Amino acid sequence: MPKVTIDGVTVEVEPGTTILNAARKIGGEVVPPAMCYYSKLKGSGGKCRVCLVEISKGSDANPNPMPKLQASCCTPIADGMEVKNMTSPKVQDMRKGVVEFLLINHPLDCPICDQAGECDLQNLTYDYGASTTRYQEERRTFDKIDIGDKIQLHMTRCILCYRCTYVADQLTDNRVHGIVNRGDAAEISTYIQNVVSNEMSGNMIDVCPVGALTDKTFRFKSRVWFLKPYDAHRNCTKCSGKTTVWMFGNEIYRVTVRKDVNHEVESDENGKVEWICNDCRFEHKAKEDWTIEGPRKMEGWSVINQGKYMKQTAQVEIDTDPRILTGRGEDRKAISMNGTNFNVPEKNLSDGN
Ligand code: SF4
Ligand code: FES
């Protein structure tokens, strides 16, 4: 099995594995962020550039470094490759630049956005965003488009990651929306004001990394950090029926897929991806409709875990560059700082309740 070293941590992976997936195998701070790549959606990745990394050694056979930063989500590893993510000043500077570009047209409306608290762009902005903007030109605006009674589209928040179009392509048999126009006029739209109504279309909401697609049945009802997530299931003929229900007291406020540590929908033990149907998502908000299994374990960085401790289960020694301790937010700094040791949580999970 080929070996790759990322930020000083060496891991063996299957041939053909991408750098991002090799880093996910290690876990913790060495994993580059991803806004457009989604391992459960074929063809995704290569659009947002937040996952770029420095390849300081190409491979054992050809040790030359790569002259430019590479997208870790679509670059396969080679035996002996050495990669720098958090330990590369170039990568840190580049990521700040990419976030600045992403925020040029993205409104800072987190206080009223339903995605706040679980938005990848919000997290990225806390980690790499500048406190001021240099942008003075007029920002993009769009005509409002109604894409149906269940999903709300806010085009100004869209970062054109294409994930929702892959969901429509790969989970439904009649995609009615896509990205139309080019350059700064590019936008998500439906063909001739169609509505997105396929029974699996709600999964677009879960893959959207920002608040561009939100659940109309949950809109403005509660901030996510006031809700408690529970694993729940019901007998469903259209999907696995395995979901996370988000409750306030005895009331179910919303239903979503179960997400893993990479913010992606979970797969079952046979590798089948557990997307959920619109019926489970939008039409079953009564507690009696569900068998509640117990509190959902949320991934460590989730806003649901604020003020809670994470269990450290593995420790890997690396040649610590001070940047590894300064590249992320204060909370994560405390977790990773341990003299010259760098803690890599095996399972980055803590109880969401
Ligand atoms: S609406 Fe969301 S999922 Fe679709 S392209 Fe825009 S950001 Fe990506
Ligand atoms: S996650 Fe790699 S380019 Fe977007």
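Evaluated against (1) among the aliphatic types (A, V, I, L, M); (2) within 14 Å of ligand 2 (Cβ to nearest atom); (3) open to solvent by 40 Å² or more (accessible area, probe 1.4 Å), Ala61 falls short on exactly one condition, (2).
Residues checked against (1) of a type outside the set (Gly, Ala, Ser); (2) open to solvent by less than 20 Å² (accessible area, probe 1.4 Å):
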{"site": "Gly8", "(1), (2)": "no, no"}
{"site": "Glu14", "(1), (2)": "yes, no"}
{"site": "Gly43", "(1), (2)": "no, no"}
{"site": "Cys48", "(1), (2)": "yes, yes"}
{"site": "Lys57", "(1), (2)": "yes, no"}
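Taken together, Thr18, Thr5 contain a single residue that is in contact (Cβ under 8 Å) with a residue 12 or more places away in the chain, near ligand 2 (Cβ under 10 Å from one of its atoms) and over 15 Å from the mean Cα position of the chain (by Cα), which is Thr18. Based on what the data block shows, is Cys110 open to solvent by 10 Å² or more (accessible area, probe 1.4 Å), under 19 Å from the mean Cα position of the chain (by Cα) and within 30 Å of Thr17 (Cα to Cα)? So Cys110 does not fit the description; no. Restricting attention to region 46-74, which residues are touching a Leu at 6+ places or on another chain (Cβ under 8 Å) and either at positive phi or not in a strand (DSSP E or B) (or both)? Those that are touching a Leu at 6+ places or on another chain (Cβ under 8 Å) and either at positive phi or not in a strand (DSSP E or B) (or both): Lys47, Cys48, Val50, Cys51, Leu69, Ser72, Cys73. Would you mind stating whether Thr75 is over 28 Å from Thr217 (Cβ atoms) and out of contact with any Pro (no Cβ under 8 Å at 6 or more places or on another chain)? Taking the combined requirement at face value, the residue satisfies it.
Among the residues making up region 213-265, a single one is in contact with a Lys or Arg (Cβ under 7 Å, 6 or more places away or on another chain) and small (Gly, Ala, Ser): Gly241.
Please find, among Met35, Met81, the residue that is within 13 Å of ligand 2 (Cβ to nearest atom) and either of a type in the set (Asp, Glu) or in contact (Cβ under 8 Å) with a residue 12 or more places away in the chain (or both).
After ruling out the rest, the residue left standing is Met35.
So in region 16-41, with the set limited to residues that are open to solvent by 30 Å² or more (accessible area, probe 1.4 Å) and among the small types (Gly, Ala, Ser), which one is farthest from ligand 1 (Cβ to nearest atom)? The qualifying residue farthest from ligand 1 (Cβ to nearest atom) is Gly16. As a summary of the residue check, Val83 satisfies the conditions (1) more than 23 Å from Met204 (Cα to Cα); (2) of a type outside the set (Ser, Thr, Tyr); (3) open to solvent by 10 Å² or more (accessible area, probe 1.4 Å) except for the one numbered (3).
Elements of the type strands (runs of 3 or more DSSP E) sitting completely within region 187-296 and holding at least 2 residues that are touching a residue at least 60 places away in the same chain (Cβ under 8 Å) and open to solvent by less than 10 Å² (accessible area, probe 1.4 Å): these cover 213-215, 228-233. Taking the listed residues Ile159, Ile151, the one that is more than 29 Å from Met66 (Cα to Cα) and β-branched (Val, Ile, Thr) is Ile151, with no other qualifying.
Condition first: open to solvent by less than 30 Å² (accessible area, probe 1.4 Å) and away from ligand 1 (no atom under 13 Å from the Cβ). Now tell me which residues in region 130-179 satisfy that. Selection gives Gly148, Thr172, Val176.
The values are calculated or read from the model by the stated rules, or taken from the named source; none is laboratory data. A quick note: this is a predicted structure, and the numbers were derived from the prediction, not measured. Here the Cβ is made from the backbone with ideal geometry for all residues, glycine too, and neighbour counts use every protein chain on show. Quick note on the areas: whole protein, heavy atoms, side chains included, nothing else; ligands and nucleic acids left out. Shrake-Rupley method; radii C 1.70, N 1.55, O 1.52, S 1.80 Å.
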